[in-house]
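**Student:** After the structure tokens below, expect a handful of questions from me.
Nothing in this text is a laboratory measurement; each read-out follows from the coordinates by a stated rule. No experiment lies behind these values; they were computed from the predicted model shown. All Cβ positions, even for glycine, are placed from backbone atoms using ideal geometry, and neighbour counts span all protein chains on display.
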Amino acid sequence: MSVDPKVNWRADSPLGAALHEKLYTESLDCVHCGLCLSSCPTYRATGRETSSPRGRIYLMRGLAEGRLEDPTLLEEEAFLCLGCRACETACPSGVRYAEMLEQARTILRKEQQGFQLARAIERFALRQIVPRPVRLRTVVALLALVQRLRLDRLADLVMPERLRWILELAPRVPPAAERRRMPPLTPAEGVLRGRVALFEGCVMPEFFGRVNDAARLVLSRAGYEVVVPQNQGCCGALQAHAGDLDFARTLAQRNVRAFDPELGGLDAIIVTSAGCSAALRESDNWIGEAAQGVGRAVRDVLEFLDEVDAALDFRPMPARICYDDACHLVHAQGISSAPRRLLEAIPELGLVAHRTPEACCGAAGIYNLTQPDMSARVLDPKLDAVMEVDPEIVATANPGCAIQLAAGLAARGSTARVVHPIELIEEASRPDRG
């Protein structure tokens, strides 16, 4: 990454002043104990202190204090970080590392000198395509055409390696029936226990509509009326991770406007993507008190079903399944036992554990596109661990993780299918219509 060497990067520069204001105080919480090191995937992969949470915090603080004249190293390391938040789980001091990382990335992006094509493409995609349903639907339809005509196979012969990897990573576009928007209201089956709102997200309806639909059906069977506010949108997580907090704030404000009027009559706002639920829960970090009502109401669908002790009748599902923790579920939200309890309640579903369930898979939003080499290095030991237990099904609660694991397992010749746990819960609780 190129940075203009003529810029004054000391504490009296705009960058240094902003870093001092936003990051300096929080950086003091880090006591440099090093307990985070063994949990950090990039530190384990490189062995470099600067590729650890402790090292990155030291760089942030050094720049804020004017001890670091050139931000190039901080910029490289800040964007090499996966943002998996395993360090927060390990940290005894409660350092808010993820919040600091988003702030630092945003400041670095704002102060970046010169034009970078890759960064411009990323910004365009995250501002002009991903959060805009009609445009995203158009892009997905084009991808479906490419896949149907097998043009992606032809692309292997003529496209640069990076673009080939993007096509290989892209999941198969589901049938149009799975990509239709959900009904605004689904009544509860049986005795009414409450009312919930379902957050759809941006990527979920296009690639994982079946997951959202499974959540809707299961919640209805559990006795909950399900509403789907039609003016909701992208949660802003991808934009914040990319260093565009300004646009993430815009998206957060939109969702507050969509869900706030519903809060009085809701038991919860249900989310099926771990990355989205983490972002919505913490969006007060971006826009302050306005988001606190929505944040308090957010529940991951697995967390909610476990909390309310959903009375579901399960039929047997004989299969060998491995559950893999999504980082933004286990580390960002502390949810680990609930998914396992729900899966263990399904008769004949054999839950087998692998060695590294809480380790990052290397997906990290769009990290596997922007940092494919490190992403692959992080993924490899995860695949080793999963393959050792030879599951028929791998379950994980985040779309990026599902895409990453499915691509990795397929590349190794595994026939295991990758699903969201709620899909299994829906299948096992499906009424016998015969």
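**Student:** Using a 10 Å cut-off around each Cβ, can you sort Cys401, Cys33 from fewest to most neighbouring Cβ atoms?
**Tutor:** On the way: Cys401 28, Cys33 12.
Listed from fewest to most nearby Cβ atoms, that is Cys33, Cys401.
**Student:** To check you understand DSSP bridge types, tell me what percent of the beta bridges within the chain (both residues inside) are antiparallel, rounded to 5. Present the calculation step by step, with values, prior to reporting the outcome.
**Tutor:** On the way: 2 of 23 bridges.
Just about 10 percent of them are antiparallel.
**Student:** Now for a different question. Starting from the 7 Å offset along Cα-to-Cβ, what nm value, one decimal, do you get for the label separation of Ala141 and Glu388?
**Tutor:** Between Ala141 and Glu388, the simple spin-label model gives 4.8 nm.
**Student:** Which value in deg cm²/dmol, rounded to the nearest 500, describes the helix-derived mean residue ellipticity at 222 nm for the chain, given -39,500 (n - 2.57) per DSSP H run of n ≥ 4 and division by the residue count?
**Tutor:** Details: 24 runs with 212 residues, N = 434.
Mean residue ellipticity, 222 nm, calculated: -13500 deg cm²/dmol.
**Student:** Provide Tyr24, Tyr43 in ascending order of the number of other Cβ atoms located within 10 Å of each residue's Cβ, fewest first. Walk me through the numbers before you get to the answer.
**Tutor:** Working: Tyr24 16, Tyr43 23.
The fewest-first ordering by Cβ neighbours comes to Tyr24, Tyr43.
**Student:** Using modelled amide H (1.01 Å from N, peptide plane; none on Pro or chain starts), what sits under 5 Å from the amide H of Val419, excluding residues fewer than 5 places away?
**Tutor:** Val394, Ala395, Thr396
**Student:** Which one of Ile366, Val218, Ala278 is farthest out on the positive end of the charge dipole of the chain, using unit charges on Cβ (Lys, Arg +1; Asp, Glu -1) and the Cα centre as origin?
**Tutor:** Among Ile366, Val218, Ala278, the one farthest towards the positive end of the dipole of the chain is Ile366.
**Student:** With a 10 Å radius around each residue's Cβ, average the other Cβ atoms per peptide and rank 279-286, 138-145, 72-79, highest first. Numbers along the way, then the final one.
**Tutor:** Numbers: 279-286: 23.4, 138-145: 14.6, 72-79: 19.4.
Listed from highest to lowest mean packing, they are 279-286, 72-79, 138-145.
**Student:** Quick one: dipole size for the chain, taken about the Cα centre, charges +1 on Lys/Arg Cβ and -1 on Asp/Glu Cβ, in debye to the nearest 20. Before the final figure, lay out the partial values.
**Tutor:** Working: 51 positive and 56 negative charges, 232 e Å.
So the dipole magnitude of the chain works out to roughly 1120 debye.
**Student:** Picking from Pro399, Ala64, Ser93, whose Cα lies most toward the positive end of the charge dipole for the chain (charges on Cβ: Lys, Arg +1; Asp, Glu -1)?
**Tutor:** Pro399
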